[in-house]
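Visitor: I'd like to ask you about the structure that follows.
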Amino acid sequence: MNQLKKIIANTLSVRISLMVVLAVALLLGIALFVMFSFSRKVLRQEALEKAGQTLTATVQHTDNVLLSVEQASGNIYWDMMQHLDEPDRMFDYCRELLEANPYIDGCAIAFEPYYYKSRGQYFMAYLHHEHSGQLNTEDSHLIQSETFGNVPYTEQSWYTLPLENGHPSWVGPLKNEDAEDEALISFCLPIYNKEGRAIGVLGVDVTLALLSDIVLSAKPSPNSYAVLLGSDGSFIVHPDSTKLLHETVFSTPANDTDPEVEEAARAMVAGETGYRHLRLDGVDSYVFYKPFTRAVVPGRSMNKLGWSAGIIYPEDDIFGDYNQLLYIVLAIAGIGLLLLLVLCQLFTHHQLLPLRMLTESARRISEGHYDETIPDSRHHDEVGRLQANFRQMQLALSANMGELERLNETLRERGAGLAEAYEQAREADHMKTAVLHNMTNQMLTPVNAISSNVDELCHNSRTLKPAEVQQLVTDILHEGKNITDVLNDLLEVNNKKK
């Protein structure tokens, strides 16, 4: 790491390449972020619209099945009302319903206890298809039974609820006692006698597994699926048939791991419309939901079912291609930035060759190699002009340094001459001093003698004899002549030097 920092700090081409790549990466990142954010929003909106259309189609398809069962039951019901006194004919009505409508799995016509005294306490005509897991056809085998469940029918919800409500209603889901792995919903119509008193119930069964197969055939993506919840959160339609009777959405294990599941389920049970993001069975998904709305048909009982339809839309189905494209684009962008870094490095390295050459030349010049050769530049850009100016500077510096060398040599020669002249002058001065000193010494004796004679003449002139005076004067003259000879010699030496 330290070595990398050192390379970056000491290499201009690397720094320039990194700055270019970082600038491009920043702009590219902003552009990709804006583009993919907008694309993600569009994909989510498209998925929402597709899920809404699928939900509408699912609800309509499911309601068409229910309406078909309701109309078939109503047709039989009005004819049956004319023959309530014929108990054996009730089995025929059940058979007609089963044969007329492929969605109907079973039909039960049950009356209050002792309605037919000749048939004992309970009487129920009950026929159902042999369960094959397929849509019922005219060739499906019909099975007749006198019981349904382990308790009397008078205690079962499909019988008691219509009598309490007093109008046709859907009841369920209920456990199919003839097929333990299946669940049913039943359309139940209360039967009234001529006096208007409820005396029994006509119940028509539709298997939830069959209804699930029909509803789940329409889905917006390969891994999405539809669910239909009852008013208590029970599953009416679900791809996993084991959930149709044994679980509600609030009792599934997924609810323990993600509170969003419970919130979405409560919103669905409350009849809301919308979508939520959640994690279901370990898969990030969106759930789009809306209340189950029944078509208004004249004569149809419009009691509120409280059902809600939903589409479980895995996030990969919505954003799978988007994420794949994102990864591809990011990989291409990363490879492109790496290539851009390499190309920038090669280009700047080539473009900065003159600078490196100038740097090395400047180093050699700083070490005293003023004759360092700098070639002409083939470029006309800033670097080329810098190299040309640097070359001119080097030539001027080399010329100036040569001139300085010549001046320095001249100065050295003149300095040597001056030093020699100075030595000669100093030697002459020394000799002059020596001569003056010698002459001064030579004149000192005569001067002292003259001074002594003059002093004696001045002080003893009255006492001296004429011969003594004459002798003193003669000595003074003689010493004066000696001084004159010394001065003449000094003048003669000085004239010779000139």
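Visitor: Would you mind telling me which numbered condition in (1) loosely packed, with under 15 Cβ neighbours inside 10 Å; (2) assigned to a helix (DSSP H, G or I) Phe319 fails?
Guide: The one condition Phe319 does not meet is (1).
Visitor: Select from region 77-101 the residues that are in contact with a helix residue (DSSP H, G or I) (Cβ under 9 Å, 6 or more places away or on another chain), part of a helix (DSSP H, G or I) and under 19 Å from Pro168 (Cα atoms) and list them in ascending order.
Guide: Tyr77, Asp79, Met80, Met90, Tyr93, Cys94, Leu97 - these are the residues of region 77-101 that are in contact with a helix residue (DSSP H, G or I) (Cβ under 9 Å, 6 or more places away or on another chain), part of a helix (DSSP H, G or I) and under 19 Å from Pro168 (Cα atoms).
Visitor: I'm trying to understand the selection: among the residues of region 289-307, which are farther than 17 Å from Val65 by Cβ and small (Gly, Ala, Ser)?
Guide: Within region 289-307, Gly299, Gly306 qualify.
Visitor: Return yes when Ala72 is part of a helix (DSSP H, G or I), surrounded by 17 or more Cβ atoms within 10 Å (Cβ to Cβ), out of contact with any strand residue (DSSP E or B) (no Cβ under 7 Å at 6 or more places or on another chain) and of a type in the set (A, V, I, L, M) and no when it is not.
Guide: Against the criterion (part of a helix (DSSP H, G or I), surrounded by 17 or more Cβ atoms within 10 Å (Cβ to Cβ), out of contact with any strand residue (DSSP E or B) (no Cβ under 7 Å at 6 or more places or on another chain) and of a type in the set (A, V, I, L, M)), Ala72 qualifies.
Visitor: Let me ask something else about it. Would you check if Asn438 is assigned to a helix (DSSP H, G or I) and under 30 Å from His478 (Cα atoms)?
Guide: yes
Visitor: Listed residues Tyr313, Tyr286; which is in contact with a His (Cβ under 8 Å, 6 or more places away or on another chain) and either more than 30 Å from Pro222 (Cα to Cα) or not in a helix (DSSP H, G or I) (or both)?
Guide: Tyr286
Visitor: Just one of (1) among the basic types (Lys, Arg); (2) out of contact with any His (no Cβ under 9 Å at 6 or more places or on another chain); (3) under 30 Å from Ser17 (Cβ atoms) trips up Arg414, so point out which.
Guide: Just one mismatch for Arg414, condition (3).
Visitor: Would you confirm, using the coordinates I've provided, whether Asn460 is assigned by TED's automatic domain parsing to the domain that holds Asp489 and closer than 25 Å to Leu490 by Cα?
Guide: no
Visitor: Would you mind finding the one in Leu135, Leu127 that is of a type in the set (A, V, I, L, M, F, W, C) and at pLDDT 85 or above?
Guide: Step by step, each of Leu135, Leu127 is checked, and only Leu127 is of a type in the set (A, V, I, L, M, F, W, C) and at pLDDT 85 or above.
The values are calculated or read from the model by the stated rules, or taken from the named source; none is laboratory data. Since the model is a prediction, treat every value here as computed from it, not as a measurement. Note: ideal-geometry Cβ built from the backbone for every residue, glycine included; neighbour counts use all protein chains shown.
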